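All remarks here apply to the structure that follows.
Throughout, read-outs are computed from the coordinates displayed, never taken from laboratory work. Please read these numbers as outputs of a predicted model, since none were measured by experiment. Glycine also receives a Cβ, built like all others from the backbone with ideal geometry; neighbour counts cover every protein chain displayed.
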């Protein structure tokens with residue numbers, strides 16, 4: 001593969017505590033060194049003024065294949081991930097059929113390898129068919145490459161099943177990623193329950209529906225010493241529950257999504273289904289609490305919850321349209337807009353929550369530029385200004401809540417195992433065919 005030199009970028013690697021202007025040298029697909037290079041190179045990139053980071057990791061995406069390929073495939077989702085700067089993603093098992101067997105997990109790897117974009121890791125279902133009644137064959141899923149377990153799209157409703165899952169996965173050191181929601185309390189809801197839903201006359205989904213499940217899962221994690229990860233936190237109460245659990249030494253991590261930082265429930269005043277998401281957009285108070293949780297380390301990870309839906313589905317009436325937003329291709333600039341520009345996080349902390357932290361939750365050897373590591377690298381242009389246009393996305397779907405926003409920052413170059421897989425404004429020739 002030869003030698004690649006990324007020259008004089010601001011190298012930020014939270015796994016090593018590195019933040020300095022330097023050359024990054026890649027040889028034969030692995031990181032050789034961070035430091036001056038005077039030798040020959042097969043490819044040189046001038047990264048002056050740019051940030052050179054470990055390849056970004058999104059541990060929460062939905063690629064819809066198999067079963068709903070009209071909304072997304074593993075190939076188009078992986079292409080979208082690369083365009084967003086992500087070299088690794090973990091896809092949820094709410095496909096049809098669900099990722100609840102060894103063969104289903106292996107299928108994800110096969111399709112990702114055929115596509116040749118970014119790394120795609122399967123998350124296995126906690127229960128068979130995600131039905132919540134019987135544990136899936138977790139050992140076989142691990143053998144097939146599952147990096148974690150979740151019934152996402154739905155919570156694990158049964159406390160008994162959740163407890164057994166946390167106990168069982170201890171032998172594999174895998175995390176249970178749970179979608180915290182008490183379905184009895186959210187049935188029929190389309191948005192956050194509160195003043196705005198009352199004013200609009202729309203059925204609400206109360207914050208307590210999330211917080212009850214968060215509290216239950218924390219207690220079960222404490223009881224089992226299992227590895228718990230709470231997905232897409234959205235309320236101030238949830239943040240405080242996780243903060244308290246961490247102080248008590250419970251094995252719990254948590255994530256937040258950019259749309260829960262950039263938008264509030266007032267967006268639903270438009271009655272546009274593009275803003276319908278689960279958990280719902282909450283209040284400004286909740287947004288402030290989520291940001292505080294990121295700043296003090298209560299929330300470990302930022303994840304997109306990329307949830308593509310074919311245009312015909314999102315054009316239905318608000319009560320009939322499915323929940324979900326796409327986010328892979330806008331995640332980095334929205335994080336810059338909501339966290340870097342206001343001064344809530346510095347670049348070191350933002351990259352930590354997009355690289356080494358999700359890698360540790362998933363137990364994958366990624367998110368670092370240490371010598372000898374496979375060279376997954378994202379080169380970020382932090383100053384370029386552009387306008388979000390979903391029609392130009394590599395995703396098959398267009399359900400983006402940020403269409404028309406002017407934002408700053410994007411991935412300029414993305415390397416996977418030392419191979420340049422993405423360059424801004426350069427669309428792979430086969431992508432148009434894949435998106436049909």
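Scaling the Cα radius of gyration of the stretch 263-375 by the globular reference 2.2 N^0.38 Å produces a ratio of 1.25. Output the antiparallel fraction of DSSP beta bridges having both residues in the stretch 55-362, as a percent to the nearest 5. Approximately 5 percent, going by the DSSP bridge assignments. Dividing the mean sequence gap of close Cα pairs (under 8 Å, 6+ apart) by how many residues the stretch 182-257 holds gives a relative contact order of 26 percent.
Rounded to two decimal places and with Rh computed the Kirkwood way over Cα pairs, what is Rg over Rh for the stretch 39-106?
Details: Rg = 16.5 Å, Rh = 14.2 Å.
Value, to two decimals: 1.16.
Per the Cα gyration tensor, the stretch 148-258 maps to an equivalent ellipsoid with semi-axes of 27, 14, 11 Å, ordered largest to smallest. The ranking of 162, 171 by Cβ neighbour count inside 10 Å, starting from the fewest, reads 171, 162.
Would you mind giving the average projected area, over all directions, of the Cα convex hull of the stretch 183-231 in nm² with one decimal?
Working: hull surface 15.3 nm².
Seen from a random direction, the Cα hull of the stretch 183-231 projects 3.8 nm² on average.
Given their separation in residues at 0.36 nm each and the Cα-Cα distance between them, residue 373 and residue 183 gain 64.1 nm when the chain is fully extended. Residue exposure proxy: 57, 336, 74, ordered by other Cβ atoms within 10 angstrom of their Cβ from fewest to most, comes out as 336, 74, 57. Beta bridges from DSSP with both residues in the stretch 45-194: antiparallel share about 10 percent, rounded to the nearest 5. Placing one equal scatterer on every Cα of the stretch 326-425 and applying the Debye formula, the log10 ratio I(q)/I(0) at q = 0.20, 0.21 Å⁻¹ is -1.18, -1.26.
Normalising the Debye intensity of the chain to I(0), with uniform scatterers on Cα atoms only, and taking log10 at q = 0.07, 0.10 Å⁻¹ returns -0.31, -0.65.
Which of 118, 295 has the fewest other C-beta atoms within 10 Å, and how do the rest follow up to the most? Please list the in-between numbers first.
Numbers: 118 29, 295 13.
Going from sparsest to densest Cβ surroundings: 295, 118.
Can you give the helix-only mean residue ellipticity at 222 nm for the chain, where every DSSP H stretch with n ≥ 4 adds -39500 (n - 2.57) and the sum goes over all residues, rounded to the nearest 500 deg cm²/dmol? Show your work: numbers first, answer last.
Details: 15 runs with 124 residues, N = 436.
One gets -7500 deg cm²/dmol as the mean residue ellipticity at 222 nm.
Applying 1/(1 + (r/R0)^6) with r as the Cβ-Cβ distance of residue 319 and residue 133 and R0 = 30 angstrom yields a FRET efficiency of 0.60. Normalising the average separation of contacting C-alpha pairs (under 8 angstrom, six or more residues apart) by the number of residues puts the relative contact order of the stretch 55-362 at 17 percent.
Can you figure out the FRET efficiency of residue 312 with residue 403, using R₀ = 25 Å and their beta-carbon distance, to the nearest 0.05? Please report the intermediate quantities before stating the final value.
Values: r = 17 Å, r/R0 = 0.70.
So, using R0 = 25 Å, E works out to roughly 0.90.
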